[in-house]
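I have placed the structure first, in the form of structure tokens, so that the comments after it can refer back to it.
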Amino acid sequence: MRKFVSAVRALPNPRLTGLGSGLFCTLVMVLIACLDRLLFGGSALAYGLLFLPVSALTAVWVRPADLVTAPVAVPIAFAVGMLPISGGADGFVGQVMGLFTALAMHAGWLYGGTLIAGLIASVRKIRLMARKRALRASAGAGAGRGRSPQQRRMPAQHS
């Protein structure tokens, strides 16, 4: 377990904006889909399996201020990335129908990746809120020193 933790900490730790996390996820999924089509003939299994870690990385690398964007950007990236492997017929309508069919057939991967991103973002937000609460509590405890309990209850009066 310690080797795993040290390996994870050795990974780069960028902080992406909301837009940056969406672009990252979308570009990686399009690249994966193109490679999948080239190497495996458009295997939805390979695409879905690779979507899960990309979802996790997107949620881990997004800035704390933009945590809500990760579960939103991930399904959009999944849909855009499906275009090269959806296998639609010629023409715009055929491509759209192929995309909708592929999304319906492989919704489990989409839900799984979105769930992963949502859980990671939620845990990060809860930890961030707890850290802020602890900081405020320690700052409040330090501000009340040197005054009697009765003075601490009464607001400071300025003359």
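The values are calculated or read from the model by the stated rules, or taken from the named source; none is laboratory data. Bear in mind the structure is a predicted one, so any value in this text is a computation, not a measurement. We place every Cβ from the backbone using ideal geometry, glycine too, and count neighbours over all the protein chains shown. With ligands, DNA and RNA removed, areas are computed over all heavy atoms of the protein, side chains included. Shrake-Rupley method; radii C 1.70, N 1.55, O 1.52, S 1.80 Å.
Entry note, the chain: relative contact order of 25 percent, from Cα contacts under 8 Å with a spacing of 6+ residues.
Per the 1.4 Å probe, what fraction of the accessible area of the range 1-118, in percent, lies on carbon and sulfur atoms? It is 76 percent, rounded to a whole number.
With a 1.4 Å probe and every protein chain left in place, work out the accessible area per residue of the chain in Å², rounded to a whole number.
On the way: 10650 Å² over 159 residues.
In whole numbers, the chain has 67 Å² accessible per residue.
The protection proxy used here, the mean number of other Cβ atoms lying within 10 Å of each residue, ranks peptides 132-138, 104-110, 84-90, 47-53 as follows, highest first: 47-53, 84-90, 104-110, 132-138.
For the chain, what are the DSSP H helices with axial Cα length of 24 Å or more and mean Kyte-Doolittle hydropathy of at least 0.5? Helix filter hits for the chain: 18-40, 44-61. Remark: spin-label model distance residue 128-residue 31 equals 2.5 nm, labels positioned 7 Å along the Cα→Cβ axis. Averaging the Cα positions of each part gives two centres, and for the range 86-140 and the range 57-71 these lie 10 Å apart.
Hey, what's the per residue convex hull volume over the C-alpha atoms of the chain, in cubic angstrom? Intermediate results must be reported in sequence, preceding the final value.
Details: hull volume 31.2 nm³, N = 159.
It is 196 Å³ per residue.
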